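> My questions will all concern the structure given below.
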Amino acid sequence: GAGVSQSPRYKVAKRGQDVALRCDPISGHVSLFWYQQALGQGPEFLTYFQNEAQLDKSGLPSDRFFAERPEGSVSTLKIQRTQQEDSAVYLCASSPQGTGGYEQYFGPGTRLTVT
Amino acid sequence: KQEVTQIPAALSVPEGENLVLNCSFTDSAIYNLQWFRQDPGKGLTSLLLIQSSQREQTSGRLNASLDKSSGRSTLYIAASQPGDSATYLCAVRSFMNRDDKIIFGKGTRLHILP
């Protein structure tokens, strides 16, 4: 079966532009996570959904970042008025159930470069 | 607040040697611990997942152990090969404050010398 997919794989944006990053989790997976990975660093948590409910958005760095998962499947991470410090790889992961020790499956990431 | 630390940050060893990567975490209230591999410019590949009730997991030349009480995990790689060169990330899924999130270490960059 298909794994987690993300699009686009690469995105170049001029400073001040808005961008939208898409994540297609594995079908039927309840949990969905977004992470931001700066160059040379480990991924850092941004936000977490259980179905369509955004249960934790404590990692979003500013109010320019917004995530949604309206039907409990596909999720979109939107960044408004992009800044150079937003340049990073954005990773999406899904997990079969809600809370618990279930394995996380990661997508390939979207590399965002803000010029 | 859960914190995950990986030591060393970088490691170079000759081909054929056995090696150990270390991961420590500050809070033992975890669901599981997962080791990932990341090649340059690529996503994460899951290597081993250890549930909180388990002590170790093995896959081929890889063995991961978990000591939850001391907040430590190790990834043992036997008979290293140049193809093992990558960044290895440790991640803990924890439920602090009723939140469910995955906290990553900064990784160990491994280089196997041919």
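> Acidic (Asp, Glu) and at pLDDT 95 or above: is that true of A:ASP24 in this structure?
Criteria met by A:ASP24.
> Same structure, new question: Residues that are at pLDDT below 95 and surrounded by 15 or more Cβ atoms within 10 Å (Cβ to Cβ): find the strands (runs of 3 or more DSSP E) completely inside segment A:48-115 holding 1 or more of those.
Per the criteria, A:53-56, A:88-95.
> Still on this model: Does B:GLY16 satisfy being at pLDDT 90 or above and within 12 Å of another protein chain (Cβ to nearest Cβ)?
no
> In addition: Name, by its number, the condition in (1) part of a strand (DSSP E or B); (2) crowded, with 17+ Cβ neighbours inside 10 Å that does not hold for A:GLY42.
Here A:GLY42 clears every test but (1).
> While we're looking at this one, here's another question. Of everything in segment B:24-36, what is within 28 Å of B:LEU113 (Cβ to Cβ) and more than 11 Å from every other protein chain (Cβ to nearest Cβ)? Give them in sequence order.
Across segment B:24-36, the qualifying residues are B:SER24, B:TRP35.
> So, in segment B:86-113, of the ones that are aromatic (Phe, Trp, Tyr) and assigned to a strand (DSSP E or B), which residue ends up modelled with the highest pLDDT?
Result: B:TYR88.
> If a residue has to be of a type in the set (Val, Ile, Thr) and either surrounded by fewer than 18 Cβ atoms within 10 Å (Cβ to Cβ) or part of a helix (DSSP H, G or I) (or both) to count, how many in segment B:57-85 make the cut?
So the count comes out to 2.
The values are calculated or read from the model by the stated rules, or taken from the named source; none is laboratory data. As the structure is a prediction and not an experimental result, all values here were calculated from the model. Neighbour counts are summed over all protein chains in view; Cβ atoms, including those assigned to glycine, are modelled from backbone coordinates with ideal geometry.
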